[in-house]
Amino acid sequence: MKKLLLVGMGLFFAFSAHAQTEEELKSEIGSKKDSIKAIQKRVDGLQAKLDALPGWKVGAFGTIGGSISQFNNWFAQGIPNNSSGNIGFTVNAFANLKEEKFFWRNAANLNLSWVKLDDKDDPNDDDSFRQATDVFNITSLYGRKLSEKFAISTLAEYRTTILSNFNDPGYLDLGVGATWTPIADLVVVIHPLNYNFVFSSEDTIFESSMGAKIVADYTKQIGDISFKSNLSLFQSYESSNLSNWTWTNSFSYTLWKMIGVGFDFGLRNNKQETLNYIVNNAPTPNPDATFDSIDNELQTYWTLGLSYKF
């Protein structure tokens with residue numbers, strides 16, 4: 001009986017000591033987390049002061065995604081013998097100058113991807129990599145400050161494709177107006193005097209016009225997370241058929257050193273591009289299509305893959 005009592009008491013004290021040790025460890029972990037938060041808060045404060053200093057700020061981040069596959073006698077699918085692959089990348093770069101009385105902000109976005117599908121049973125199929133996503137955009141914004149949040153500004157923005165049909169179409173916006181910077185990472189451009197130059201060999205569809213330009217750009221880095229969102233809108237004064245907008249977004253999360261996970265997606269609405277595709281490039285072209293007869297479908301793309309922070 002005494003032995004059982006001693007064993008029971010030993011187990012009780014051992015369990016109590018284990019529970020006490022576990023609670024102490026949890027308490028210590030909690031205090032360490034609070035310390036990490038306090039340190040991160042001080043680091044963020046120092047980074048905010050650094051970002052507020054005058055001079056040039058440059059940087060870039062991007063996403064790389066890809067995959068390859070091969071099937072042999074996989075009869076459950078329509079093409080049982082095939083090899084396929086896709087690869088794509090996105091680069092977002094900026095070079096911004098901030099001074100006491102003026103600023104000059106420059107940004108570039110490039111998103112390219114290729115896909116291939118080689119049907120081993122069809123000797124006449126196209127087994128090469130074909131262009132899938134093709135986006136190029138570059139902007140330059142100069143402003144003279146009226147206050148810390150408002151400036152008189154001028155903007156030049158050019159966007160096109162570069163893998164095929166470079167500058168066909170190409171869009172160049174030149175305009176003047178005002179820029180509002182309510183917070184350090186958000187820039188809103190409102191230019192009621194803007195001319196949208198459109199370059200294209202298809203002059204019966206694409207047309208340049210005067211209109212209003214609105215751009216909103218938000219770029220933020222929080223620890224290992226980089227984020228950029230850009231909306232570019234042109235509203236034509238001549239016809240809504242000549243208006244267009246593009247919204248692009250890029251996310252990057254660093255997992256190890258400079259490597260992480262990236263996700264990009266974009267939306268676009270451009271009735272001139274839609275009509276040009278239906279008239280000239282669709283699998284069954286319709287040369288009689290007009291702006292009034294087509295359904296202006298929303299254009300979209302997305303890329304998910306590894307990211308690299310420059």
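Every read-out reported here was derived from the displayed coordinates using simple, explicitly stated rules and does not represent laboratory data. These figures come from a predicted structure and were not determined experimentally. Note that each Cβ is placed from the backbone with ideal geometry, even for glycine, and that neighbours are counted across all protein chains shown.
Please go through the stretch 55-109 and write out the trypsin sites (Lys or Arg not before Pro) that DSSP classes as loop and that have at most 11 other C-beta atoms within 10 Å.
K101
Going highest first, how would you order 80-90, 202-212 by mean Cβ packing within 10 Å?
The peptides rank, most packed first, as 80-90, 202-212.
What FRET efficiency comes out for F265 versus T21 if R0 is 45 angstrom and r is the Cβ-Cβ distance? Round to the nearest 0.05.
With a Förster radius of 45 Å, E is 0.40.
If you stretched the chain out fully between S240 and F199, how much longer would it get, using 0.36 nm times the residue separation minus the C-alpha to C-alpha distance?
Computed gain between S240 and F199 is 12.9 nm.
Peptides 253-262, 157-166: what's the order by average Cβ count within 10 Å, highest mean first?
157-166, 253-262
What percent of all Cα-Cα pairs in the stretch 62-191 falls into each 10 Å bin, going from 0 up to the bin containing the maximum distance?
So the P(r) values, bin by bin, are 11, 28, 22, 17, 11, 9, 3.
Just the number: Rg to Rh for the stretch 55-309, Cα atoms, Kirkwood Rh, two decimals.
1.03
How much length, in nm to one decimal, is gained on full extension between S31 and Y253, taken as 0.36 nm per residue of separation minus their Cα-Cα distance?
Extra length available between S31 and Y253 comes to 77.3 nm.
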